[in-house]
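Trainee: My questions will all concern the structure given below.
Laboratory data are not the source of any read-out in this text; all were calculated from the coordinates shown. Note that the coordinates shown come from a computational prediction; the quantities given were computed from them, not determined experimentally. Cβ atoms come from the backbone with ideal geometry, glycine included; neighbour counts cover every protein chain shown.
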Amino acid sequence: MDDIQPTTDPVRPKAPLRSWFDVRGRSMSTLAFALNRLTAVGLTIYLFLHLSVLSLLVRGPESWDSFVALAKHPLFLLLDVVLLFGVVYHMANGIRVALVGMGVGHARHKTLFYVLVGIALVLFVVGAVLIFTG
Amino acid sequence: MVERDIDFKVFRYKQGGAAPAYQTFRVRCDENTTVLVALQDIRRDQDGTLIMRHSCHHASCGTCGMRINGREELGCVVKVFDLNTSTVVVEPMRNMPVISDLVVDMGPFYDRFNSAGMPLMRESEFLDEADVAEGLEAYMRCENCIECNLCVSACPIMGTDPTYLGPAALAAAWRVVEEPRGLDAKPLLDWVDSQNGCWRCHVAYECNEACPSGVFPGDKIMSLRRELTKRKFRRLFGR
């Protein structure tokens, strides 16, 4: 592998972000790929935010209660809805990528995408309603 | 015959010269004008320094691969009027070093592709007089690879990792694994079973979309993975 000639181009350096997220003129599969990356980055950031919020518990009940009050604000609930979208999409597309990536159903990967993401969207809508009404 | 003036915004770069830039040329086109023909018109009538690769003019040789309005295409078969734009943006393929204007260095492509083992069959084997083994038609598609590099240009992972083997080489490797014709496929499977081999693919399938020959490299990469997964399971259970 080491003797493979790299594709490095000094005139046009690699630009991963553009390569991943420039979906202009691309197919549904690239859109799925880009959204998967985006939700992955978002969920990773959320994980650290979540841990830092949980650390409020060690500061006593007052700080936690004030956070809970903030968490009930409609704007905060809207962020929960965004988070829910990231979770259900990443989960559904992740199942597709795992299956296809092991050679299962790759000939019908687009159908698999529509079915799994369709299920995810139903879960998302139900979840979003529950976030605001539950 | 309807004729229209179309602007071509062309990527320009010369080694040792200024930084890359776009230059716009106006070309009189009719409904039969392809992008490659328009570029040749530019070279003949407006700027003889415009460099491009081409040969057959009918999608057989794979040398005129380029990005047209942001999509990987063979310039020889894309009719300008079919693009439905008054300005056509023409750029060299991505993910290979640019040499000059629309020409990229295909060295890294062939470095990978040849290592994978060249495809073994040709369509001539299916001539009436050929003695074709039963079921061989199923293996036709990968032989159609015209080594145009469009799949490599379209792949978002090639845009990240300079040592990724890429869809064309992996598809060629699968071709040999699938129908080895006496070759030992194990070294090839070991070659692609690596961080920069078939596991580096992130299933964007843009290679399938870009391929002008119906090779479907993305499917071939997944077939390699299936084979390797089976091999790992067998090894896990001592078989």
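Trainee: Tell me what chain B gives for mean residue ellipticity at 222 nm when only DSSP H runs of n ≥ 4 count, each as -39,500 (n - 2.57), the sum divided by the residue total, rounded to 500 deg cm²/dmol.
Mentor: Values: 8 runs with 73 residues, N = 239.
It comes out at -8500 deg cm²/dmol, rounded to the nearest 500.
Trainee: Using a 10 Å cut-off around each Cβ, can you sort B:113, A:124 from fewest to most neighbouring Cβ atoms? Can you show the working numbers first?
Mentor: Values: B:113 24, A:124 19.
Ranking B:113, A:124 by Cβ neighbours within 10 Å, fewest first, gives A:124, B:113.
Trainee: Over chain B, what is the relative contact order in whole percent, taking alpha-carbon pairs under 8 Å and six or more residues apart?
Mentor: 16 percent
Trainee: On to the next question. Given springs between every Cα pair under 10 Å in a Gaussian network model of chain B, which of B:153, B:86, B:60 has the largest fluctuation?
Mentor: The residue that fluctuates most here is B:86.
Trainee: OK, next. On a straight-distance basis, which aspartates and glutamates could pair with residue A:72 in a cross-link, Cα separation under 19 angstrom, same-chain partners fewer than 8 positions away excluded?
Mentor: Straight-line reach from residue A:72, under 19 Å: A:62, A:80.
Trainee: Which whole-number percent is the relative contact order of segment B:107-236 (Cα, under 8 Å, 6+ apart)? If you can, show how the numbers build up before the last one.
Mentor: Numbers: 150 pairs, mean separation 36.5, N = 130.
Relative contact order for segment B:107-236 comes out at 28 percent.
Trainee: Using the structure shown, select from A:14/B:186; A:110/B:232; B:186/B:220; B:186/B:230; A:110/B:9; A:14/B:14 the pairs with a Cα to Cα distance greater than 22 angstrom. Intermediate results must be reported in sequence, preceding the final value.
Mentor: On the way: A:14/B:186 32 Å; A:110/B:232 27 Å; B:186/B:220 17 Å; B:186/B:230 13 Å; A:110/B:9 34 Å; A:14/B:14 19 Å.
Too far apart for the 22 Å limit: A:14/B:186; A:110/B:232; A:110/B:9.
Trainee: Within a Cβ distance under 15 Å of residue B:23, other residues only, what is the Lys/Arg minus Asp/Glu net charge? Before the final figure, lay out each step's value.
Mentor: Values: positive: B:9, B:12, B:14, B:26, B:43; negative: B:7, B:41, B:45, B:47, B:91, B:101.
Residues close to residue B:23 contribute a combined charge of -1.
Trainee: Please build a GNM for chain B, connecting alpha carbons under 10 Å apart, and tell me which residue among B:82, B:193, B:41 fluctuates the most.
Mentor: Looking only at B:82, B:193, B:41, the biggest GNM fluctuation is shown by B:82.
Trainee: Another question, if that's okay. Which residue, B:38, B:130, B:116, tops the fluctuation ranking in a GNM of chain B built on C-alpha contacts under 10 Å?
Mentor: It is B:130.
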